[in-house]
Amino acid sequence: MTVICECAKEFLRGYQQSEYKLRMYEKAIADIRERATRINAVLYPDRIQAGYNSDRIGDAAVMIADTEERMREEVSKAQSTLDQIITVIRRVPDEILQCILLARYVRFRTWGQIADDMCYEARSVYRLHNKALQEVDKILRGNGK
């Protein structure tokens, strides 16, 4: 793979990276909620002593709100990135190449899934993908149609 195609792949992977960040924010929120509602009690034969007396639920609510705000920003960024990627993919002159790029970089399909969906051999998909990356690179450099 040439440096030129690596730049095109990096551009096309932008949406996938944003989606990954969103999943991480969702997991962080779930973890915060779980920690906030966990019961920390120490049992003694003659008494029950709870964990420290902070406002765990209130603290968690603040953390969740902050994380949700960052998540909203990432959703906006992901949508903008997706719009840019789709605009570039639509400028690729060959519809087969467009389908491969959309399947790989927008729908996150594996090479095997793409080959099966399109009724191609895997090596044909790799070859067409390389050709598609060259077209994307031309577009990104301003030489595209």
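Some notes on this structure:
- Selection within region 87-126 - assigned to a loop (DSSP other than H, G, I, E, B), of a type in the set (Ser, Thr, Tyr) and touching a helix residue (DSSP H, G or I) at 6+ places or on another chain (Cβ under 7 Å): none
- All of Arg127, Arg104 fail the test of being basic (Lys, Arg) and within 22 Å of Glu19 (Cβ to Cβ), apart from Arg104.
- Within region 1-50, tally of residues that are closer than 30 Å to Ala103 by Cα, of a type outside the set (D, E, K, R) and at pLDDT 75 or above: 16
Residue-by-condition table, conditions (1) among the small types (Gly, Ala, Ser); (2) buried (at least 16 other Cβ atoms within 10 Å of the Cβ); (3) in contact with a strand residue (DSSP E or B) (Cβ under 9 Å, 6 or more places away or on another chain):
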residue	(1), (2), (3)
Val62	no, no, no
Glu69	no, no, no
Ile89	no, yes, no
Asp116	no, no, no
Ala122	yes, no, no
Val136	no, yes, no
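The values are calculated or read from the model by the stated rules, or taken from the named source; none is laboratory data. Keep in mind the model is a prediction, meaning the values are calculated, not measured. Glycine gets a Cβ as well: all are built from the backbone with ideal geometry, and neighbour counts include every protein chain shown.
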